[in-house]
Structures are given as C-alpha cells and as structure tokens.
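The values are calculated or read from the model by the stated rules, or taken from the named source; none is laboratory data. Everything numeric here is computed off the predicted structure, so don't read it as measured data. Cβ coordinates were reconstructed from backbone atoms using ideal geometry, including for glycine residues, and neighbour counts include every protein chain displayed.
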Amino acid sequence: MTSGINNTPFFTPVFKSQSQRAKEDAARAAEEKAAREAEKKAQEEEKRKQELQERQNELSFLEEQLKNAKEQGEAVEDSFEAFGKCLTIAQRITRGDKVPLKDMKYLMEHEPDLYKQAIMLRQPNDKPKEYDSVLDEDDTENKTGESGEAASSDSTAEIPSPAAEAVPAEAASVEVSVE
C-alpha cells in the first residue's frame with residue numbers, strides 16, 4: 001500500500017499552520033485581555049485616587065467648618081457671659097444698691113438700653129448694699145488700657161435716688177384731649 005505516497009497525510013502542514021495560528025491568536029487574545037485588565041486596573045486606581053482626593057477635600061472642608069463653628073461658639077459664649085454680667089449689674093442698680101463705677105461704665109458701654117431701664121426702675125433703698133465689681137481683669141484690661149482711668153473705676157458710685165431726679169408734678173402733667 002505504499003504506492004509512492006508518503007505515510008504523512010497531505011493536510012498536515014495545513015493543520016500545523018492552523019494550530020500555529022490558533023496559538024498565536026490565543027497569545028494575542030491573552031495579551032489583549034491582559035492589556036484590558038491592566039487598563040481596567042489603572043482606571044480603577046485612578047478612580048480610587050480621585051475618590052480619596054474628594055474625601056480629603058471634604059474632610060478639610062468639614063475641619064474648617066468645625067473650626068469656624070468653635071470660634072462662633074466661643075464668641076457667643078463670651079457675649080452671653082458679658083450679657084449675664086450686665087444683667088447682674090442692672091439688678092443691683094434697680095435695687096438701689098451701691099455699684100462700682102467701672103461696672104456702671106461697663107453696663108453703659110455694652111447694654112445702654114438696659115442701663116437706662118435700670119436707672120428708670122431704680123428703687124429707693126435706705127440701707128444700700130455695697131457690692132464688689134462683677135467684672136474680671138479681662139473685662140477691665142481692655143477698657144483700662146484705652147482710657148487710662150483705672151484709679152477712678154474702682155470707686156463705688158451711689159446713684160442719686162429717683163426722688164431727687166423727679167420732675168415736679170406741675171411740669172409732669174400732660175393734657176390729653178379726647179376727640
């Protein structure tokens with residue numbers, strides 16, 4: 001059965017070239033797949049970096065807001081503390097007690113309306129109590145350095161009684177006409 005024909009099939013070189021092509025195609029496909037995966041990983045890494053940067057920006061923004069909120073809180077606390085001192089001073093004036101002059105000045109500067117009301121509502125007091133200053137060194141430091149009146153601010157001021165400032169009844173009467 002050997003009549004001049006090789007024992008190798010005639011299509012063997014075709015199969016070899018096809019299998020070679022298949023291997024090359026598989027290698028190319030693997031390379032393309034690896035390249036796509038690498039690109040996908042690079043995109044994911046870039047996306048993570050962007051998310052991290054956004055979170056860091058958000059964190060710094062929130063830290064700045066927290067800092068501002070703390071500063072505002074301290075300012076509000078200081079203003080409430082100052083208002084509380086003003087109320088204490090006004091109460092003492094209203095009862096007719098002796099209040100240090102620097103306290104009265106503090107009240108006049110910080111709450112002029114409250115000072116006016118305290119003076120208007122002042123009650124006569126036969127035995128006025130003499131109070132020490134409500135103010136701290138911090139409160140008087142700012143004003144003492146500017147005005148230079150530290151010696152005179154320590155004295156207590158007795159407010160004249162409302163009767164001394166009262167307007168005579170004749171001048172105080174107001175005529176009201178009803179139409």
Q72 being assigned to a helix (DSSP H, G or I) and more than 32 Å from the chain's Cα centre (by Cα): no
Candidate set from segment 97-142 (those that are in a helix (DSSP H, G or I) and acidic (D, E)); member that is surrounded by the most Cβ atoms within 10 Å (Cβ to Cβ): D103
Inter-residue pairs, beta-carbon under 6 Å, first of a type in the set (G, A, S) and in segment 62-90, second assigned to a helix (DSSP H, G or I), 6+ apart: A82/H110; A90/L114; A90/A118
Some residue of segment 63-75 being basic (K, R) and modelled with pLDDT of 90 or more: yes
